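These notes concern the structure reproduced below.
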Amino acid sequence: MSYVDEVYQRVVDRNPGEPEFHQAVKEVLDSLKIVIDKNEDKYRKAGLLERLTEPERIISFRVPWVDDEGKVQINKGYRVQFNSAIGPYKGGLRFHPSVNQSILKFLGFEQILKNSLTGLPMGGGKGGSDFDPKGKSDREVMAFCQSFMTELCKHIGANTDVPAGDIGVGGREIGFLFGQYKRITKLYEGVLTGKGLSFGGSLVRTQATGYGLIYILVEMLKAAGKELAGQTVVISGSGNVAIYAAEKAQQLGAKVVALSDSNGYVYDPEGIQLDIVKDIKEVKRGRIKEYADAVASAQYTAGKGIWTIPCDITLPCATQNKLDLEDAKALKANGCFMVAEGANMPSTREATDFFQENGIVFMPGKAANAGGVATSGLEQSQNSLRLSWTFEEVDERLKGIMKDIFAKVNDAANRYDVPGNYVAGANIAGFEKVADAMLAQGIC
Ligand code: GLU
C-alpha cells in the first residue's frame, strides 16, 4: 500500500464517525500522491502525513448561558488547533446547529493549506459551536458569546491563535467576543480578526472573501482567454461571501441572476439588486425569500434547484456539500464553463471530479476563498503596527495576494504535469510550504 493510502486508512480508522473530515483528507491526499511518491522516504521517515492529519490540539468545552425566558441553555464549544508550522493558528469560528467535531476538523484541515497559499505566516485552526444565532435576541447572542469566550480566552492570543468569523459569526459576534476577551485578560491585542473599524478592524475585511473570489476568478478567466464582463453568474448563499462576490462581479460588468439560503433561492433574470439584498440580510437579518416580495422581476423557489438556472459561471458560496453530481451535470448541460468555490468544500467529491473530467474550469475553496483569511492576516499586520491602512491600500494587497495564489496554483499544476488541475495545484502549493516548515522543525 502506498504511504498516502496507508495514512488515509489510518485517518478513517482513528476518526470514526467523521465523514466530512475523511472527505477533506482524502481529496488532499489523493492529489498529493504525485508529490509524496517522489519523496516517499523523506516524508515517511518523518511521519509527516500522520502528523499533518492529526490536530495538534482540540479544545472542547461546555457553553452555559441564560436565554430571554430565564432558562439555562447549554451548547458545545470547540477550537481545533490543527497546525502551527508556519504561524499562530488562524481560522474562523462557526456558530451553526450543524457544527460538530468532524466539520471543524475538516475546516481546520483545509485552513492549513488555505492559509499557506496566502503567503502569510498563519497556521491552521477552526472553532465554533452548535449554537444557532438565528432568531436570538442581541442579548442572548451577547450572553452566549461572553460565555464562549470565558473558556476560549485561556487558549488563544495574538501570537497563539487568532479566531475570526465564519457562518453565524459576523461583526456583532466578534465585537461581543473581543469585549469579553479584553475584560478577562486585560489585553488589548489583535486576538480576533473581523473586528469593528473603531477597535482595530481592517477596511475591506467585510468584503474580502467575496472580492477575493472575484479577483481570482478574473485570473482564471484571463488564463482561459475570457473576461468577466457580460457573463451570467449564479451564486449560492446570501451571506457575507455571496453578497460581496456579487457586488464585485457586478462592478466588473457581470450579471448575477440568483442567490439562495437554506430554505430556497431567488432568480432575477434582470440581475440581482444588491441594495435590497443587503437591507434584507445585513439590516433586517431576514430570509432571501423577501427579495422576491420586494422585486417584481424576481421569483422565489423553495428547496433545492438553484443549479438548474442557466449560467456561464457558478460561485457556490453557501456551505459544505451543497452541490452534488446531479447539480454538476445540470450546470454543464446549461452551459456553465467555470466554477470557483466561495464556501469551504461546497461541492461533493463526485461533483468536483465531474467538473474536471468535463472541461469545466474549477477552483477549489482553499484557493478561491482565501481572500477572507488573507485580509485577516492584513488586519493582524495593522494591529501589530498599530496603524490602519486605507481601503485602497488593503484592496490592492488583497488583489496582489489573489493573483499570487492563482500563479502558485497554476505553477504547481504545471510543475507536476497536471496543467489546469487547480485542485492538485492548490493542494500541492499549500502543502509544500507547510511540509518544509514541519521537516525543518523536527518531530513536534
Ligand atoms: N472563516 C474564514 C475562512 O474560512 C475566515 C477565517 C479568518 O479570517 O481567520 O477562511
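Observations, loosely collected:
- Fewest-first ranking of TYR188, TYR78, using other Cβ atoms within 10 Å as the exposure measure: TYR188, TYR78
- Taking each residue as 0.36 nm, the span from LYS304 to LEU187 lengthens on full extension beyond its C-alpha to C-alpha distance by 37.5 nm.
- Antiparallel DSSP beta bridges within the chain, as percent of all bridges there, nearest 5: 55 percent
- Relative contact order, percent, region 271-344 [alpha-carbon distance under 8 Å, six or more residues apart]: 27 percent
- Separation between Cα centres of region 95-142 and region 338-369, rounded to whole Å: 21 Å
- Here GLU219, GLU392, GLU69, GLU151 are placed in order of increasing Cβ neighbour count within 10 Å, fewest first, which gives GLU69, GLU392, GLU151, GLU219.
- Region 244-387 - percent relative contact order, Cα under 8 Å, separation 6 or more: 16 percent
- In nm, spacing of pseudo-spin labels at ARG51 and LEU274 (7 Å Cα→C-beta vector): 4.4 nm
- Estimated at 0.36 nm per residue, the fully extended path between LYS71 and ARG285 surpasses their Cα-Cα distance by 74.6 nm.
- Based on Cα contacts under 8 Å between residues 6+ apart, the chain shows a relative contact order of 15 percent.
- Projecting the Cα atoms of GLN231, GLY196, MET338 onto the dipole axis of the chain, where Lys and Arg carry +1 and Asp and Glu carry -1 at the beta carbon, places GLY196 farthest toward the positive end.
- Signed unit charges on C-beta, dipole axis of region 11-116, positive-most listed residue VAL63, PHE109, ALA85: ALA85
- The distance from the alpha carbon centre of region 161-237 to that of region 1-61 is 29 Å, rounded to a whole number.
- Dipole of the chain, positive direction: furthest Cα of THR150, SER129, GLN380, with charges on the beta-carbon: THR150
- In the chain, one over the average inverse separation of all distinct C-alpha pairs is 22.0 Å, which is the Kirkwood hydrodynamic radius.
- Kyte-Doolittle at least -1.0, axis length at least 18 Å by Cα - qualifying DSSP helices, the chain: 19-36, 101-117, 138-152, 171-185, 205-223, 370-385, 391-415, 422-440
- Using Cβ point charges alone (K and R +1, D and E -1), the dipole size of the chain about the Cα centre works out to roughly 1000 debye.
- Counting neighbouring beta carbons within 10 Å and listing from fewest to most, the residues ASP161, ASP13, ASP166 come out as ASP13, ASP161, ASP166.
Each reported figure results from applying straightforward, stated rules to the coordinates on display, with no laboratory input. Predicted, not measured: the structure shown is a model, and the values here were computed from it. No Cβ is skipped: glycine too gets one built from the backbone with ideal geometry, and neighbour counts run over all protein chains shown.
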